[in-house]
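The values are calculated or read from the model by the stated rules, or taken from the named source; none is laboratory data. Source: prediction; values computed, not measured. Virtual Cβ from ideal backbone geometry, glycine too; neighbours counted across all protein chains shown. Heavy atoms of the whole protein, side chains included, go into the accessibility calculation; ligands, DNA and RNA do not. Shrake-Rupley method; radii C 1.70, N 1.55, O 1.52, S 1.80 Å.
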Amino acid sequence: MTITAAVENESGKVMNLGCGSSYEEFANGSADFQYNIMFTSAILAMVAGGYDDDALEYLYYIFFDSAKYDESFFYNNSVYMMNLSSANDGTDAALLFMMSPCKDEILKEWELTDYSSYENASVLILE
């Protein structure tokens with residue numbers, strides 16, 4: 001499991017946080033391994049977003065649904081997504097569940113789905 005953080009040089013602000021592994025490890029890993037990757041991602045999102053631990057399960061399901069439906073979600077001013085990338089030669093694909101602050105322009109440009117109104121959500125929406 002790898003934890004990453006990208007920080008903007010000029011402002012020192014966190015641009016995104018993520019947790020992942022190689023795609024092969026994740027795809028062939030046990031359900032417990034996959035759960036641990038997504039749960040760790042949810043913990044990072046909880047801390048970075050200033051949420052209390054009541055939001056942890058909800059954040060986990062955002063990442064779960066991102067993987068299940070291969071979709072990026074908007075929730076409370078951030079984008080949550082599963083990102084796949086590979087080396088230039090197509091080997092060593094990396095999988096990363098990440099959370100990034102999101103401005104309204106990105107929300108519209110990327111046509112992000114607001115998770116709080118997502119009809120296929122795996123968890124009941126928190127009030």
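Ordering 1, 41, 26 by Cα displacement along the dipole of the chain toward the positive end leaves 1 in first place; charges were set at the Cβ atoms of Lys, Arg (+1) and Asp, Glu (-1). In terms of accessible area, using a 1.4 Å probe and ignoring ligands and nucleic acids, 71, 109, 119 rank largest first as 119, 109, 71. The mean sequence distance of close C-alpha pairs (under 8 Å, at least 6 residues apart), as a share of the length of the chain, puts its relative contact order at 25 percent.
Entry for the chain at q = 0.11, 0.14 Å⁻¹: log10 I(q)/I(0) = -0.37, -0.60, Debye formula applied to identical alpha-carbon scatterers, no solvent contribution.
Each other residue within a Cβ distance under 15 Å of residue 1 adds +1 if Lys or Arg and -1 if Asp or Glu, for a net charge of -3. When each of the peptides 76-84, 46-54 is scored by how many other beta carbons lie within 10 Å of its residues on average, the order from highest to lowest is 76-84, 46-54. About the centre of its Cα atoms, the chain shows a dipole size close to 180 debye [charges on the beta carbon of Lys, Arg (+1) and Asp, Glu (-1) only; nearest 20 debye].
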